[in-house]
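Laboratory data are not the source of any read-out in this text; all were calculated from the coordinates shown. On a predicted model such as this, the values are computed, not experimentally measured, just so you know. Here the Cβ is made from the backbone with ideal geometry for all residues, glycine too, and neighbour counts use every protein chain on show.
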């Protein structure tokens with residue numbers, strides 16, 4: 001214990017002569033350009049495939065019919081509605097979005113008296129951040145679903161010119177597995193396909209074909225757990 | 001070095017099963033709950049004290065106020081769906097959860113995260129370490145009545161949160177370290193803003209040093225108080241600054257270098273007196289070392305290249321049967337994930353090894369005996385425990 | 001790691017070594033040999049740091065697995081000892097006298113998995129779950145979703161539609 005130990009704490013008083021470091025106007029502080037704020041959805045680009053709902057581990061997303069958007073080939077007519085009581089802003093829904101229609105703005109203040117209004121359909125319920133340019137967008141070179149289509153081999157023109165052999169050579173087993181791996185099992189093409197009875201996408205077992213896991217051994221020990229479908233339930237444990 | 005002495009002459013005898021024979025009806029003893037709502041407690045925890053006069057006879061740690069069952073929840077989430085929830089296991093320093101989980105999944109699936117992603121990860125982890133230490137210094141000073149330190153360190157931490165915000169897109173739960181890599185690279189002009197932040201933190205730390213560490217009251221109450229005997233380190237699984245303050249240079253970054261720590265120059269910070277003062281000082285110096293590490297990382301890290309490995313489709317990603325353990329050196333000690341997979345799309349078992357698990361339970365219960373009630377808060381904070389990683 | 005495994009195999013009937021990384025291996029130990037193996041590793045081989053003790057529930061095989069992970073700081077190596085035993089009346093020898101901190105792990109395992117460790121201090125005091133009245137929740141046969149459904153309510157007004165079913169109904173209302 002020295003004289004310094006007694007006197008040194010009094011240097012704290014020098015802060016009397018400093019300017020405050022607090023933010024003068026905290027209500028209008030803009031978030032960083034890549035801040036993961038409130039959702040935006042380009043409803044014209046969105047096809048209602050429901051992959052965002054599948055990946056949401058909080059069960060925050062519901063697919064709901066929207067007035068003015070018709071079900072047609074390649075568009076289920078549903079749009080994601082997000083329950084902000086459950087959302088954790090992890091942005092997996094943005095990363096997984098097939099059409100890149102779902103993004104996040106960098107807006108982060110939203111005040112309402114009615115808590116039910118925080119369950120909203122982005123892009124359909126108009127919000128002040130709908131046209132915000134900054135915010136989180138999935139970088140194009142990163143995918144969490146395999147989206148690069150495997151190239152299918154074809155016969156060389158020199159060979160084709162004098163033969164009736166099938167030009168398109170199809171996939172090998174490995175390539176076919178990789179190609180099947182890209183399927184997100186949204187069910188949109190299956191709903192309109194003639195063979196939909198044969199390729200019944202809606203049963204959990206075939207929604208995510210076991211063959212897709214190229215590296216996994218086929219094991220009889222399936223876990224005593226529900227298939228991925230369970231995570232779509234709002235109250236997934 | 002004043003060591004803990006088990007002098008129980010005026011205290012109750014031990015019963016045959018090793019517990020104390022405390023007769024509350026005699027009026028000699030009093031039960032006192034410190035926490036869960038108490039300014040002198042770290043997070044959602046409480047200590048049940050039995051006191052005789054001013055002196056603690058027995059202390060029992062109670063946790064469970066923030067139990068969310070993450071380990072169980074992860075068993076019904078696919079590997080990518082676990083990624084947003086792991087960070088919630090430790091609020092002030094969430095990145096170690098993300099890193100350890102990602103590294104464990106990569107280890108079992110045979111994926112290698114790219115070089116640039118490893119540098120980004122190391123940068124995030126060091127930034128998180130600074131945040132965690134700043135929060136700790138405020139708490140340690142606050143536990144002894146020095147409220148102003150907490151205000152200064154909160155300011156410095158806020159600047160670091162700004163850097164986190166522009167880099168990861170979030171302030172507290174960054175959700176940035178995906179299995180396979182990281183989400184994004186550095187934003188434009190980040191280096192310069194980071195350098196300004198680091199200078200501001202250094203200047204704050206100088207003030208903290210003057211007011212907290214050269215302080216007669218602080219020294220009087222912490223020097224020689226709450227000593228961890230080096231012999232306890234293995235018995236109680238003590239790691240991190242708690243072990244380094246006892247003179248043992250236990251540091252996973254040096255012992256089993258992960259990420260890019262082989263390419264960085266640093267020496268584990270150690271102290272020798274193993275009391276509360278030394279532990280605070282080790283953490284202060286460790287913080288300054290992290291500042292230096294961030295500068296080294298920014299100077300050496302590659303600025304181009306892939307940020308994430310080629311991954312299978314994460315919607316139906318299955319990992320072959322196996323088990324692994326991955327560890328890192330967080331601000332409190334060894335943080336680790338034990339992951340067991342069974343060939344399905346879900347983890348079979350995840351176990352989180354948080355350093356607080358041993359520090360706040362067995363070690364604290366041992367150290368709390370024979371100290372004054374007014375020192376309990378300082379002792380508890382000096383072990384730097386975060387209850388959520390005890391109960392997960 | 002391999003050399004250590006060979007040395008240990010001379011002393012104890014160990015299973016095969018699973019080498020996950022050059023510095024991390026897992027080996028199966030019969031329950032009766034757990035204690036001597038731990039003692040040998042701690043006192044002779046320098047594995048003095050008990051990193052963690054946890055359980056895995058192999059429900060399909062009707063087995064519990066306990067994993068004792070030990071670390072040797074001077075060589076930077078870790079070894080995990082796996083002990084498997086039946087799930088019915090699950091119990092295991094306590095190691096709180098080897099590492100005092102193991103008592104905490106064993107308290108948690110008793111509460112979360114229902115594994116008994118006779119002799120472990122304060123084993124039956126509630127650790128995390130106060131007033132729990134169901135089966136130990138970390139067992140595989142405990143269903144979190146069912147428990148959540150029974151004890152908590154969903155937010156009213158939430159309903160979702162399966163894109164495929166919705167599309168079929170809209171485009172082919174008569175099921176054609």
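So the values come out like this:
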{"quantity": "Within the protein assembly as shown, percent of DSSP bridges classed antiparallel, to nearest 5", "calculated": "90"}
{"quantity": "Along principal axes, Cα extents of the range C:10-83, largest first, whole Å", "calculated": "39, 24, 20"}
{"quantity": "Two-site label geometry, residue C:132 and residue B:373: point separation in nm, points 7 Å out along Cα→Cβ", "calculated": "3.3"}
{"quantity": "Euclidean distance between Cα centres, the range B:205-256 to the range A:110-188, Å", "calculated": "53"}
{"quantity": "Cα-Cα P(r), the protein assembly as shown, percent of pairs per 20 Å interval", "calculated": "14, 45, 32, 7, 1, 0"}
{"quantity": "For chain C: relative contact order, % (alpha-carbon pairs under 8 angstrom, 6 or more apart)", "calculated": "14"}
{"quantity": "R0 of 35 Å, Cβ-Cβ distance residue B:172-residue B:220: FRET efficiency to nearest 0.05", "calculated": "0.45"}
{"quantity": "Mean Cα-pair separation over length for the range A:1-109, i.e. relative contact order, pairs under 8 Å, 6 or more apart, %", "calculated": "35"}
{"quantity": "Relative contact order (%) - criterion: Cα under 8 Å, at least six apart; region: chain B", "calculated": "25"}
{"quantity": "Cα shape, the range B:90-249, gyration tensor, a/c 1.5 rule", "calculated": "oblate"}
{"quantity": "Prolate/oblate/rounded call for the range B:286-392, Cα gyration tensor, a/c under 1.5 rounded", "calculated": "oblate"}
{"quantity": "Hull shadow area, averaged, the range B:160-234 [alpha-carbon convex hull, nm²]", "calculated": "8.8"}
{"quantity": "Shielding by partners, peptide A:44-50 (average Cβ within 10 angstrom, other chains)", "calculated": "2"}
{"quantity": "Cα extents of the range B:24-115 along the three principal axes, largest first (Å)", "calculated": "64, 29, 21"}
{"quantity": "Between the range C:126-161 and the range C:1-71, the Cα center-to-center distance that results, in Å", "calculated": "34"}
{"quantity": "Residue list for the range A:84-110, given a label point 7 angstrom along the Cα-to-Cβ vector of residue A:116 and an amide N cut-off under 20 Å", "calculated": "A:84-87"}
{"quantity": "Helical contribution to [θ] at 222 nm, DSSP H n ≥ 4, -39,500 (n - 2.57), averaged over chain B, rounded to 500", "calculated": "-12000 deg cm²/dmol"}
{"quantity": "Among B:26, B:331, B:78, residue whose mean-square fluctuation peaks in a GNM of chain B (springs only between Cα atoms under 10 Å)", "calculated": "B:26"}
{"quantity": "Fewest-first sequence of B:340, A:66 by Cβ atoms within 10 Å of each Cβ", "calculated": "A:66, B:340"}
{"quantity": "Computed Kirkwood radius, in angstrom, where 1/r is averaged over Cα pairs of the range C:2-154", "calculated": "16.8"}
{"quantity": "Using a Förster distance of 22 Å, the FRET efficiency for residue A:152-residue B:310 (Cβ separation, nearest 0.05)", "calculated": "0.65"}
{"quantity": "Highest-fluctuation residue, C:115, C:79, C:135 considered, GNM on chain C with Cα pairs under 10 Å", "calculated": "C:135"}
{"quantity": "Residue A:73-residue A:174 FRET efficiency (beta carbon distance; Förster radius 41 Å; 0.05 resolution)", "calculated": "0.85"}
{"quantity": "Among C:21, C:107, C:87, residue whose mean-square fluctuation peaks in a GNM of chain C (springs only between Cα atoms under 10 Å)", "calculated": "C:21"}
{"quantity": "Separation in nanometres of the label points that stand 7 Å from Cα toward Cβ, at residue C:125 and residue B:15", "calculated": "1.2"}
{"quantity": "Cα-Cα separations in the range A:1-123 greater than 16 Å, expressed as whole percent", "calculated": "69"}
{"quantity": "Acute angle (nearest 10 degrees) that the helix B:95-109 long axis makes with the longest principal axis of chain B, alpha-carbon atoms", "calculated": "50"}
{"quantity": "Likely footprinting exposure, B:376, B:211, fewest C-beta neighbours within 10 Å first", "calculated": "B:211, B:376"}
{"quantity": "Debye-sum result for the range B:70-391 in log10 I(q)/I(0), which assumes one identical scatterer on each alpha carbon, at q = 0.08, 0.09, 0.11 Å⁻¹", "calculated": "-0.36, -0.46, -0.68"}
{"quantity": "Partner chain coverage, peptide B:208-221 - average Cβ within 10 angstrom", "calculated": "4"}
{"quantity": "Fewest-first ranking of B:338, B:386, using other Cβ atoms within 10 Å as the exposure measure", "calculated": "B:338, B:386"}
{"quantity": "Whether the range B:213-274 is rounded, prolate or oblate, judged on the alpha carbon gyration tensor where a/c under 1.5 counts as rounded", "calculated": "oblate"}
